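**Q** Quick one: the structure is below, questions incoming.
The values are calculated or read from the model by the stated rules, or taken from the named source; none is laboratory data. Note that the coordinates shown come from a computational prediction; the quantities given were computed from them, not determined experimentally. Note that we place each Cβ from the backbone using ideal geometry, even for glycine, and neighbour counts take in every protein chain shown. To get the accessible areas, we keep the full protein, side chains included, count just its heavy atoms, and leave off ligands, DNA and RNA. Shrake-Rupley method; radii C 1.70, N 1.55, O 1.52, S 1.80 Å.
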Amino acid sequence: MALPTTRQQLKEHSLRRLGAPVIDINVDDSQLEDRIDDALQFFADYHYDGAEKLYLPHAITADDITNGYLNLTAIDDSVLSITNVLQFSTLGANMFDLQYQIALNDWYGWRGGGGGMTNYALIRQNMSLVQQMLDPAKSYRFNRSTMRLYIDMDWSSEVDAGDHLVLEVWATIDPDQFAKVWQDRLLKEYVTALFKRQWGANLSKFQDIQLPGGVSFNGQQIFDQAHEQVQKIEEEMQLKYEEPPGFIVG
């Protein structure tokens with residue numbers, strides 16, 4: 001069989017790994033759907049292939065200014081975290097802007113031997129220091145439960161409707177749009193282990209039940225084996241495939 005490319009194909013693939021259709025897997029379809037959702041959520045949180053960095057532009061509206069926050073659900077509900085907020089005015093840079101004039105003058109200085117890139121780099125560093133002192137970057141707060149982005153500023157005086165923000169975010173990858181997600185090795189193993197654990201949980205009330213032909217099965221044993229597999233897969237995903245935490249040095 002080909003590698004799974006849809007949610008249904010992954011479900012069938014995992015059931016076959018557990019023995020279907022030769023063995024009856026006693027799990028309801030709604031339970032299978034729930035376990036796939038659990039697997040995708042864990043995959044997005046801990047696997048570097050489960051999320052990607054995006055830049056989301058957003059034009060500030062009058063409602064945003066009134067609320068004092070951005071509703072990320074209305075922008076993109078796949079956002080997991082926000083790593084930066086960039087603000088742009090509708091006017092943009094113009095020929096009277098200080099940075100524009102310095103860059104323009106130093107462009108001729110580079111060509112005429114007036115300090116070159118060294119002088120320009122030093123000036124830009126000084127400008128950056130002054131900007132950090134007089135107009136520091138605004139702090140922000142975001143929580144995935146509320147999906148609200150709060151930026152600590154006076155919305156009514158510092159921004160106007162029509163100004164733009166660019167949000168640097170990490171967002172989940174939609175497997176229905178990018179089918180290779182369903183083919184990930186760890187995701188397939190994880191879904192199979194979750195199916196098996198659910199199967200064991202459903203049968204756990206049966207202990208050493210005798211089947212025709214003298215064969216017996218133990219639901220608790222199936223659950224324990226699957227639970228151990230789930231823990232190993234989660235540990236491997238967190239140790240080997242999770243993005244390392246970012247550190248600020250300075």
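**Q** Tally the residues that are in contact with a Pro (Cβ under 8 Å, 6 or more places away or on another chain) and either assigned to a strand (DSSP E or B) or on the phi > 0 side of the Ramachandran plot (or both), restricting the search to segment 39-87.
**A** 0
**Q** Look through segment 23-38, keep the residues that are at pLDDT 95 or above and not in a helix (DSSP H, G or I), and return whichever of them is nearest to PHE223 (Cα to Cα).
**A** VAL27
**Q** OK, next. Taking into account only those residues within segment 121-175 that are of a type in the set (Gly, Ala, Ser) and touching a residue at least 40 places away in the same chain (Cβ under 8 Å), which is farthest from TYR55 (Cα to Cα)?
**A** Out of the qualifying residues, it is SER156.
**Q** Of the residues VAL191, VAL169, VAL159, VAL181, which single one is open to solvent by less than 10 Å² (accessible area, probe 1.4 Å) and under 23 Å from ARG17 (Cβ atoms)?
**A** Residue meeting the stated conditions: VAL191.
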